[in-house]
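The structure under discussion appears below in the form of structure tokens.
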């Protein structure tokens with residue numbers, strides 16, 4: 001008996017996705033598409049199954065993946081954070097093949113199921129590595145704050161690096177792309193959804209240090225060795241919009257930096 005093709009709607013979390021896998025096998029339904037609750041109402045010619053996130057179901061699926069291959073289970077968890085188009089369909093196909101064939105196909109880099117997932121994770125790992133060096137913090141009344149615009153949902157992967165590096169500080173990093181905020185203070189951290197984050201204008205001391213950093217950046221440059229092509233390779237332009245050394249001075253003078261509410265705190 002052929003499985004019915006349906007659209008799965010879930011809460012957009014990794015546990016929610018695992019529950020979609022669980023329901024798929026229980027009801028013998030094959031996903032033709034996935035939609036998260038954030039994407040709103042689903043209009044489809046196919047039946048729509050709304051999946052509730054049940055921790056027990058998610059844990060059962062994940063344990064079954066670990067039993068087949070711990071490395072594959074970890075890869076799937078990371079792949080869910082990527083910007084891979086139709087990632088849920090790719091991950092579902094990955095899981096089906098893992099259950100059917102075991103982990104042998106993971107040794108074939110050209111495998112049509114494995115390749116796009118592994119490629120997406122490599123892309124995300126590269127972005128994480130760059131952001132570890134490109135994040136620029138500013139001082140907001142004693143709290144270190146930064147904003148980033150990544151393609152992938154990198155905050156869970158940046159969390160340990162920055163929270164351990166600045167263990168004695170209070171800090172936050174706002175992901176403008178995915179509207180998520182990493183908060184850290186007193187040894188505790190969490191990531192929360194935030195539709196928008198309005199930050200106050202930098203104080204006089206902060207503006208002074210920004211100017212010093214920009215002057216240092218410009219001073220150490222050797223004009224005769226300027227190589228824009230090489231610079232763009234090591235420091236892609238898409239990262240520069242949140243980096244102090246590339247923000248024009250007029251940007252600060254004219255008050256164009258986000259203005260408004262206080263920095264959120266960990267409760």
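Coordinate-derived values only; no laboratory data. Please read all numbers here as calculations on a predicted model, not as lab measurements. Here Cβ is always computed from backbone atoms with ideal geometry, including for glycine, and neighbour counts include all displayed protein chains.
Take the Cα of residue 240, step 7 Å toward its Cβ, do the same at residue 219, and the gap between the two points is 2.2 nm. Helix 204-220 axis versus longest C-alpha principal axis of the chain: approximately 90°, rounded to the nearest ten.
Against the main long axis of the alpha-carbon atoms of the chain, helix 55-68 sits at an angle near 80°. Here the average projected area of the convex hull drawn through the C-alpha atoms of the chain stands at 18.5 nm². At the listed q of 0.15, 0.17, 0.31 Å⁻¹, the Debye profile of the range 73-130, built from one uniform point per Cα, gives log10 I(q)/I(0) equal to -0.39, -0.50, -1.41. In this simple spin-label approximation, residue 26 and residue 66 carry label points 7 Å from Cα along the Cα→Cβ vector, and these lie 2.1 nm apart. Order by neighbour count: 151, 130, fewest other Cβ atoms within 10 Å first, most last. Least crowded to most crowded, the residues run 151, 130. So in the chain, what percent of DSSP beta bridges are antiparallel if you round to the nearest 5? If I count the DSSP bridges inside the chain, around 45 percent turn out antiparallel. Extension gain, residue 11 to residue 186: 0.36 nm times the residue separation minus the Cα-Cα distance gives 60.0 nm.
Note on residue 227 and residue 130: the extension gain reaches 33.0 nm, defined as 0.36 nm multiplied by sequence separation minus the Cα-Cα distance. When the inverse distances between all different Cα atoms of the range 1-68 are averaged and flipped, the Kirkwood radius reads 12.2 angstrom.
Efficiency by 1/(1 + (r/R0)^6): what FRET value for residue 59 and residue 110, r their Cβ-Cβ distance, R0 = 30 Å, to the nearest 0.05?
Working from the Cβ atoms, E equals 0.35.
Note on the range 113-175: antiparallel DSSP beta bridges, both residues inside, total approximately 40 percent of the bridges counted.
Label separation (residue 139 vs residue 161): 2.5 nm, computed from points 7 Å beyond Cα along the C-beta direction. Estimated from helical segments only, the mean residue ellipticity of the chain at 222 nm is -13500 deg cm²/dmol, where each DSSP H run of four or more residues counts as -39500 (n - 2.57). Provide the FRET efficiency to the nearest 0.05 for the residue 212-residue 77 pair, computing r from the beta carbons and using R0 = 35 Å. Approximately 0.25, to the nearest 0.05. Distances between every pair of Cα atoms in the range 135-253, grouped in 5 Å steps from 0 to the bin holding the largest one, split as 2, 10, 18, 21, 19, 16, 10, 4, 1, 0 percent. A Förster radius of 45 Å, combined with the Cβ-Cβ distance separating residue 168 from residue 4, puts the computed FRET efficiency at roughly 0.20.
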